[in-house]
Amino acid sequence: MGLSINTTITLSNTVTIEQLGFGTYKLTDPNELKCAVDAAIHAGYRAFDTAELYNNEKQLGQVLAQCGVKRNDLFITSKIANEKQGYENTLKGFEQTLNDLQLDYIDLFLVHWPLHDTFFETWEAFERIYEEKRARAIGVCNFQISHLEMLATRANIKPMINQIELHPYLTQEVLVNYLREQDIAIEAWSPLARNKVLHEPLLIKMGEKYHKSAAQITLRWQLQHGHIAIPKSGHPDRIAANADIFDFALTASEMAQIDGLNKNERVGPNPDDVYRNNGFL
Ligand SMILES: NC(=O)c1ccc[n+]([C@@H]2O[C@H](COP(=O)([O-])OP(=O)(O)OC[C@H]3O[C@@H](n4cnc5c(N)ncnc54)[C@H](OP(=O)(O)O)[C@@H]3O)[C@@H](O)[C@H]2O)c1
């Protein structure tokens, strides 16, 4: 399969996003963040994922402004925090995010979690941001089929991406099939299940065949499925290794064996609980 670090996925509005991106959750220390982003740029990553919740937008904005890559060659994603949802709050939160990131437009803006109280109002603000061309694409995170169907009853614009927890222990087959039917791109968060998959004997054994780690096998599996994946690491050697997955290909049988590891096990919250409790867990 001819994948490379430059491979992109085309969203329903024709905007393209690199299939392998870099996650920045937990990277709050400015030195660690700079070192990680520099390593990521050096390894060829161009898409960066942050959120208001991650408390690093200012630092990330500064590092990306100085990283030596032109703005329009970067793909920058952020998300509205739960406590900033609602129509006016989302518009304000978006301005803050743009300011903090030192940007005049964002590539992708996402609703971080579905929330009961502000569900439609938040999306209305997203549509305005998109129509004003301040975000090249808009989408959601952690939306179940029920949330997407509910959104469709009032939305004028369909989300272009759903960023969801997805890894070999949580393959989300039903949701993935639905998103494909709906032409909503699938972005995998915690693609390594926050380290958990690295100890999986099947992945370690498969890695021996290709001289790759369990992490590299897992990321390759994500990309061969057509998902966007955004692994996070604070270690330059791991950042480079996570992008060194383009010189081998898993067979159909190996892909199926990894699919078979699914046990519907989450490392993060269940979106239905977050929705019901309006963001309070
Ligand atoms: N939308 C949402 O609700 C949501 C939720 C969670 C995450 N996200 C996004 O998704 C990104 C990725 O998810 P995540 O950070 O939760 O988990 P992840 O990428 O699955 O795993 C990150 C963990 O794996 C370790 N790691 C990474 N590469 C490794 C390697 N090659 N070998 C060994 N260990 C390795 C990292 O440690 P070191 O850093 O010490 O290397 C870190 O502890 C986040 O950063 C964030 O941008 C979105």
### Query
³J(HN,Hα) across segment 178-186 via Karplus (A = 6.51, B = -1.76, C = 1.60, θ = phi - 60°), whole Hz, x for Gly/Pro?
4, 5, 4, 4, 8, 6, 10, 5, 10
### Message
From Cα pairs below 8 angstrom and at least 6 apart in sequence, can you work out the relative contact order of segment 179-222, rounded to a whole percent?
### Response
34 percent
### Task
Treating each Cα of the chain as an identical point scatterer and ignoring solvent, apply the Debye formula and state log10 I(q)/I(0) at q = 0.08, 0.16 Å⁻¹.
-0.31, -1.30
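Could you work out the percent of alpha carbon pairs in segment 237-281 separated by over 13 Å, rounded to a whole number?
It works out to 73 percent of all Cα pairs.
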### Task
With runs of 4+ DSSP H residues as the only contributors, calculate the mean residue ellipticity of the chain at 222 nm using -39,500 (n - 2.57) per run, divided by the residue total and rounded to the nearest 500.
-11500 deg cm²/dmol
### Karplus-derived 3J(HN,Hα), 6.51/-1.76/1.60, for each residue of segment 252-259, Hz, glycine and proline x
4, 5, 5, 4, 5, 5, 5, 3
### Task
Would you mind giving the average projected area, over all directions, of the Cα convex hull of segment 8-95 in nm² with one decimal?
6.4 nm²
### Task
Let me know the Kirkwood hydrodynamic radius for segment 78-166, please, with Cα pairs as the basis and the value in Å to one decimal.
12.8 Å
### Query
When ranked by the protection proxy of mean other Cβ atoms within 10 Å per residue, highest first, what sequence do the peptides 266-274, 227-235 form?
227-235, 266-274
### Task
Using a 10 angstrom cutoff on alpha carbons, build the Gaussian network for the chain and name the most mobile of Q19, Q85, Q172.
Q172
## Note on the structure
Sorted on mean Cβ neighbours within 10 Å (highest first), peptides 237-244, 201-208 come out as 237-244, 201-208
### Task
Enter the mean projected area of the convex hull around the alpha-carbon atoms of segment 187-281, in nm², rounded to one decimal.
7.0 nm²
### Query
Can you tell me the Rg and the Dmax, both Å, for the Cα atoms in segment 66-117?
12.5, 42
### Query
For helix 30-43, what angle does its Cα long axis make with the longest principal axis of the chain, in degrees from 0 to 90 and rounded to 10?
60 degrees
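Counting only C-alpha contacts under 8 Å and six or more residues apart, can you give the relative contact order of the chain as a whole percent? If you can, show how the numbers build up before the last one.
Values: 513 pairs, mean separation 59.1, N = 281.
With pairs under 8 Å counted, the relative contact order is 21 percent.
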### Task
Enumerate the amide H contacts of G86 below 5 Å, restricted to partners 5 or more residues apart or on another chain; note that Pro and chain-start residues carry no placed amide H.
T122
### Task
Please determine, in degrees from 0 to 90 and to the nearest 10, the orientation of helix 87-100 with respect to the longest principal axis defined by the Cα atoms of the chain, where the helix direction is its Cα long axis.
60 degrees
## Note on the structure
Computed ³J(HN,Hα) along segment 188-201: with the Karplus parameters 6.51/-1.76/1.60, θ = phi - 60°, integer Hz and x for glycine or proline, the list is 8, 9, 6, x, 9, 6, 6, 5, 4, 6, 5, 9, 6, x
### Message
Checking a compactness column here: for segment 121-249, what do you get for Rg(Cα) / (2.2 N^0.38 Å), N being the number of residues?
### Response
1.22
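Throughout, read-outs are computed from the coordinates displayed, never taken from laboratory work. Bear in mind the structure is a predicted one, so any value in this text is a computation, not a measurement. We place every Cβ from the backbone using ideal geometry, glycine too, and count neighbours over all the protein chains shown.
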